[in-house]
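To start, the structure itself, in structure tokens.
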Amino acid sequence: MPVLDKEHFVGRDFICLQDFTPEEILHMLKVAKALKEERKAGIPHPVLQGKTLAMIFTKSSTRTRVAFEAGMIQLGGHALFLSNRDIQIGRGEPIKDTARVLSRMVDGIMIRTHSHQDVIELAQYAQIPIINGLSDFLHPTQVLADLLTIHEHKSRLEGLKMTYIGDGNNMAHSLMFAGKMGMHVVIASPPGYKPDPQVVATAQEHAKKNGGLVEWMEDPLVAAKEADVLYTDVWASMGQEEESQIRMKDFQGYQINGETMKAAKSSAIVMHCLPAHRGEEITEEVLEGAQSVVFDEAENRLHAHKAIMALLL
């Protein structure tokens, strides 16, 4: 059974990696690794016996739902799937009312939603931990799994260069906070798709304090030079389908392919948060290649999310 640092975590929200120190993030990774090892060895770890997690989904999901639901069961607790069609949010009930009602019935809430403001408001009014399973602004639970994956394959985080190629979206925003782990994070995107300037500035500030570096550049091949980690995401995220044709043109050249791999270190690993559009942001050859750790990364959603729940709840 992993040692849980309750003093620093219980009752806290998990909304952005900005809210946690590098030491706290390393502790979450340590707990995730311990839970993963016990899972592989068939050792039960019911540390959340009797606890219930409410899972609010206004966006569809594969990895987020399965990781949290299966993870909660493996931790000895119970998970409730609540789509916006199942609860009164879908009929206009204010988030603040839902937050106060659920706080009296369950032990934590995970929300995956379009609007980041929903996450903020939920956290403002709830009396229990809120976990940001994804918003249009941030995707921190994914990045915790990403850091776990990188550490497993590289045995460290500090000093590594991670290059993200694609839209300056919620993934780019969250990945930039890996800079606070002493990493060099480069975001390469077309000028019209740069990450939010305020997020860049905040991430740069956190990185600078901890020996890391965060920067944006336009040229994806320059950005990929000597990278230890190459990362990408779809060009058009959920809810942007009507922009897909425009984005197909705007993102030409922002693909992880054989040429990109040659620019990076020969030992570089390739990551993608999935689902992937093969032939667009990444080639089939690279996604299925020897340097791809995409499915290790997907599996680690389970272990990282279990660590978050075990610590917060």
Checklist entry - Do we find a residue being among the small types (Gly, Ala, Ser), on the phi > 0 side of the Ramachandran plot, assigned to a loop (DSSP other than H, G, I, E, B) and surrounded by 13 or more Cβ atoms within 10 Å (Cβ to Cβ) anywhere in region 228-241? => result no
Checklist entry - Looking at region 245-252, is at least one residue of a type in the set (S, T, N, Q), in a loop (DSSP other than H, G, I, E, B), free of Cβ contacts under 8 Å to residues at least 40 places away in the same chain and under 18 Å from residue 137 (Cβ atoms)? => result no
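When region 18-30 is examined, which residues are found to be under 16 Å from residue 156 (Cα atoms) and out of contact with any His (no Cβ under 8 Å at 6 or more places or on another chain)? Before the answer, list the steps.
Taking region 18-30 as the starting set, the residues that turn out to be under 16 Å from residue 156 (Cα atoms) are 22-30.
Selection gives 22, 23, 25, 26, 28, 30.
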Checklist entry - Counting just the residues of region 37-66 that are closer than 26 Å to residue 88 by Cβ and of a type in the set (A, V, I, L, M, F, W, C), which one comes out surrounded by the fewest Cβ atoms within 10 Å (Cβ to Cβ)? => result 66
Checklist entry - Among the residues of region 81-94, is any assigned to a loop (DSSP other than H, G, I, E, B), under 30 Å from residue 178 (Cα atoms) and not assigned by TED's automatic domain parsing to the domain that holds residue 207? => result no
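Residues that are touching a Gly at 6+ places or on another chain (Cβ under 6 Å), surrounded by 24 or more Cβ atoms within 10 Å (Cβ to Cβ) and assigned by TED's automatic domain parsing to the domain that holds residue 293, at least 1 per element: which strands (runs of 3 or more DSSP E) completely within region 99-211 meet that? Spell out how you get there, then give the answer.
Working: elements: 108-112, 130-134, 161-165, 184-188.
Those strands (runs of 3 or more DSSP E) span 184-188.
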Item to check | Yes/no for residue 51 being under 18 Å from the mean Cα position of the chain (by Cα) and of a type in the set (D, E, K, R) | outcome: no
Item to check | Cβ pairs under 7 Å, 6+ apart, first in region 27-43 and at pLDDT 95 or above, second among the β-branched types (Val, Ile, Thr) | outcome: 28/308
Checklist outcome for this item: Only one of 262, 306, 225 is among the charged types (D, E, K, R), over 17 Å from residue 175 (Cβ atoms) and buried (at least 23 other Cβ atoms within 10 Å of the Cβ), namely 306
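The values are calculated or read from the model by the stated rules, or taken from the named source; none is laboratory data. The model shown is predicted, which means the values in this text are computed figures rather than measured ones. All Cβ positions, even for glycine, are placed from backbone atoms using ideal geometry, and neighbour counts span all protein chains on display.
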